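Visitor: One structure follows; several queries about it will come next.
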Amino acid sequence: MTLTLRSERPRGIVAGRVPAQPGWLGAYRESGLAVIPGVLPVDRLDRIARDMHCTYERQLERLGLPAAPWSGRASLLLNMERLLQADAKVYLAATRHNARLASLQQLVVSDAVLAIASTLGLQATSLPTSPVLQVMGDTLRIPGGYHGVATHQDWPVVQGSLDAVTMWFSLFDVTPRTFPLQLIPGSQRQGVWPGKITEHTSEVDPAAYADSDFVTATVSRGDLLVFTGFTVHRTAVKDCAGLRIAASMRYENTAEPTFVEREYPCAYQRTVIREVLFPGFPSVAQVEGAIGFGGGA
Ligand SMILES: O=C(O)CCC(=O)C(=O)O
């Protein structure tokens, strides 16, 4: 049985603005996690969901399959399911692409979000990597693929500033039945927990915790979940169904003394493929079709 962490939305909260005296700061310091109510503008979340929908819709059209027009979360899920059934490889490529959407990237570095990082004590906030898109759906399981992240901490995966913050942006309401995150309050106080590096993460030894140690974070649309790099957490999967899409993002403190001393390590590396991906592509006509050459010389 896990407790449920609910965000209470105080009166007068305006999306996109961080209050001068945030009530969540004490919770974050104490338990290593907090839900910040109503800070993300819902129209921005809608824009991201619509852009994601566009990605799946274009691919379905390309494959000659019917695509549902945008009408909210249900249409997005329907198109995701259709594409996954038609071609799992294309579905995965589309989902990876969605993590690169400008609308998503804009949200995670929006003024309100960076103000939260600064309220949490980060100076000259830096980003070790781009947002990681976490798609969970009982009808979107990929055989042999990941379905939820096992119990872990984020700091060992990044190894940057000790006071790094993870922020978790959900596009829709998250209930205890729609794949919420579960976290262990106060777990940051033990530093790095015993565990091992796995393919997807750095997994905490199951002997180190009990199910009853976790709280379930339910979030309303527009709320933001924040937690420390040492907060133990996992994806709740049991008895869950429907679609949940969240992006998680890490923020680091350029001024954290051990980060400075260690000369800014970053376990995430960017790789660039130098080979030509599609030999012979594009023809001049294709370039002209895409960008137009206008009337001039
Ligand atoms: O969203 C999820 O299910 C997992 C997210 C997570 O554990 C992380 O970003 O570290």
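Visitor: Could you list, ordered by first residue, the pairs with Cβ atoms under 8 Å in which the first is in segment 65-83 and surrounded by 18 or more Cβ atoms within 10 Å (Cβ to Cβ) and among the hydroxyl-bearing types (Ser, Thr, Tyr) and the second is at pLDDT 95 or above and not in a helix (DSSP H, G or I), at least 6 apart or interchain?
Guide: Ser75/Ala68; Ser75/Pro69
Visitor: State the number of residues belonging to segment 225-259 that are within 21 Å of Val204 (Cβ to Cβ) and among the β-branched types (Val, Ile, Thr).
Guide: 6
Visitor: Same structure again: Do we have any residue at all in segment 171-182 that's of a type in the set (Asp, Glu), more than 14 Å from the ligand (Cβ to nearest atom) and under 24 Å from Ala241 (Cα atoms)?
Guide: Initially, segment 171-182 is screened for residues of a type in the set (Asp, Glu), giving 173.
After this cut, where a residue has to be more than 14 Å from the ligand (Cβ to nearest atom) as well, the list is 173.
Within this subset, residues satisfying the condition of being under 24 Å from Ala241 (Cα atoms) are 173.
Within segment 171-182 (the criterion being of a type in the set (Asp, Glu), more than 14 Å from the ligand (Cβ to nearest atom) and under 24 Å from Ala241 (Cα atoms)), the answer is yes, since at least one residue qualifies.
Visitor: Considering only segment 102-169, give the helices (runs of 4 or more DSSP H) lying wholly within it that have at least 2 residues that are surrounded by 21 or more Cβ atoms within 10 Å (Cβ to Cβ) and within 17 Å of the chain's Cα centre (by Cα).
Guide: Values: elements: 102-108, 111-119, 155-158.
Hits in segment 102-169: 102-108, 111-119.
Visitor: Looking for something touching a Cys at 6+ places or on another chain (Cβ under 9 Å), at positive phi and in contact (Cβ under 8 Å) with a residue 24 or more places away in the chain - is there at least one such residue anywhere in segment 122-139?
Guide: No, every residue in segment 122-139 fails to be touching a Cys at 6+ places or on another chain (Cβ under 9 Å), at positive phi and in contact (Cβ under 8 Å) with a residue 24 or more places away in the chain.
Visitor: Based on this model, can you work out whether Gly186 counts as in contact with a helix residue (DSSP H, G or I) (Cβ under 6 Å, 6 or more places away or on another chain), within 12 Å of the ligand (Cβ to nearest atom) and among the small types (Gly, Ala, Ser)? Outline the logic, then answer.
Guide: Working: in contact with a helix residue (DSSP H, G or I) (Cβ under 6 Å, 6 or more places away or on another chain): yes; within 12 Å of the ligand (Cβ to nearest atom): no; among the small types (Gly, Ala, Ser): yes.
Judged against the criteria, Gly186 is not a match.
Visitor: Just wondering, is there one or more residues in segment 173-194 that are surrounded by fewer than 23 Cβ atoms within 10 Å (Cβ to Cβ), of a type in the set (Ser, Thr, Tyr) and modelled with pLDDT of 95 or more?
Guide: Within segment 173-194, one or more residues are surrounded by fewer than 23 Cβ atoms within 10 Å (Cβ to Cβ), of a type in the set (Ser, Thr, Tyr) and modelled with pLDDT of 95 or more.
Visitor: Okay, next question. Taking segment 34-51 only, how many residues are in contact with a Leu (Cβ under 6 Å, 6 or more places away or on another chain) and either among the polar types (S, T, N, Q) or in a helix (DSSP H, G or I) (or both)? Before you say what the answer is, go through the steps one by one.
Guide: The initial filter retains those residues of segment 34-51 that are in contact with a Leu (Cβ under 6 Å, 6 or more places away or on another chain), namely 35-36, 39-40, 44-45, 48-49, 51.
In the following step, the residues that additionally are either among the polar types (S, T, N, Q) or in a helix (DSSP H, G or I) (or both) were identified as 44-45, 48-49, 51.
Qualifying residue count for the region: 5.
Visitor: Please go through (1) surrounded by 19 or more Cβ atoms within 10 Å (Cβ to Cβ); (2) more than 18 Å from Val132 (Cβ to Cβ) for Asp211 and return the number of the only condition it doesn't satisfy.
Guide: (1)
Visitor: Taking the options Val276, Val287, name whichever one is without any contact (Cβ under 8 Å) to a residue 12 or more places away in the chain, β-branched (Val, Ile, Thr) and part of a loop (DSSP other than H, G, I, E, B).
Guide: On the way: Val287 fails: part of a loop (DSSP other than H, G, I, E, B).
Exactly one residue qualifies, and that residue is Val276.
Visitor: Also: Applying the selection to segment 151-170, what residues are near the ligand (Cβ under 9 Å from one of its atoms) and modelled with pLDDT under 95?
Guide: The one that is near the ligand (Cβ under 9 Å from one of its atoms) and modelled with pLDDT under 95: Val157.
Visitor: Would you please list the contacts, defined by Cβ atoms under 7 Å and residues six or more apart or on different chains, that run from a residue in segment 246-263 that is part of a helix (DSSP H, G or I) to a residue that is crowded, with 19+ Cβ neighbours inside 10 Å?
Guide: Between residues of segment 246-263 that are part of a helix (DSSP H, G or I) and residues that are crowded, with 19+ Cβ neighbours inside 10 Å, the close pairs are Phe259/Gly160; Phe259/Ser161; Phe259/Glu252; Phe259/Asn253.
Visitor: Condition check: over 30 Å from Ala86 (Cβ atoms) and among the small types (Gly, Ala, Ser). Does Ser161 satisfy that? So that I can check it myself, show each step before the final result.
Guide: Working: over 30 Å from Ala86 (Cβ atoms): yes; among the small types (Gly, Ala, Ser): yes.
Yes, satisfied.
Visitor: So if I check each of Ser126, Ser130, Ser212, which one is within 16 Å of the ligand (Cβ to nearest atom) and among the polar types (S, T, N, Q)?
Guide: On the way: Ser126 fails: within 16 Å of the ligand (Cβ to nearest atom); Ser212 fails: within 16 Å of the ligand (Cβ to nearest atom).
Result: Ser130 is the single residue among Ser126, Ser130, Ser212 that is within 16 Å of the ligand (Cβ to nearest atom) and among the polar types (S, T, N, Q).
Visitor: Quick check on segment 197-243: of everything there that is part of a loop (DSSP other than H, G, I, E, B) and free of Cβ contacts under 8 Å to residues at least 40 places away in the same chain, which residue is farthest from the chain's Cα centre (by Cα)? First the steps, then the outcome.
Guide: Kept after step one, since they are part of a loop (DSSP other than H, G, I, E, B), are these residues of segment 197-243: 198-201, 205, 209-210, 214, 218, 220-223, 229-232, 236-242.
Going one step further and asking which of them are free of Cβ contacts under 8 Å to residues at least 40 places away in the same chain, we end up with 199, 205, 210, 238.
Details: Glu199: 18, Asp205: 24, Ala210: 25, Lys238: 20 Å.
Per the stated criteria, the residue is Ala210.
Visitor: Right, another one. So if I check each of Ala297, Ala267, Ala246, which one is at pLDDT below 95 and within 27 Å of the chain's Cα centre (by Cα)? Break it down stepwise before answering.
Guide: Numbers: Ala297 fails: within 27 Å of the chain's Cα centre (by Cα); Ala246 fails: at pLDDT below 95.
The unique qualifying residue is Ala267.
The values are calculated or read from the model by the stated rules, or taken from the named source; none is laboratory data. Computed from a predicted structure; not experimentally measured. Methodologically, a virtual Cβ is constructed for each residue, glycine included, from the backbone with ideal geometry; neighbour enumeration extends over all protein chains shown.
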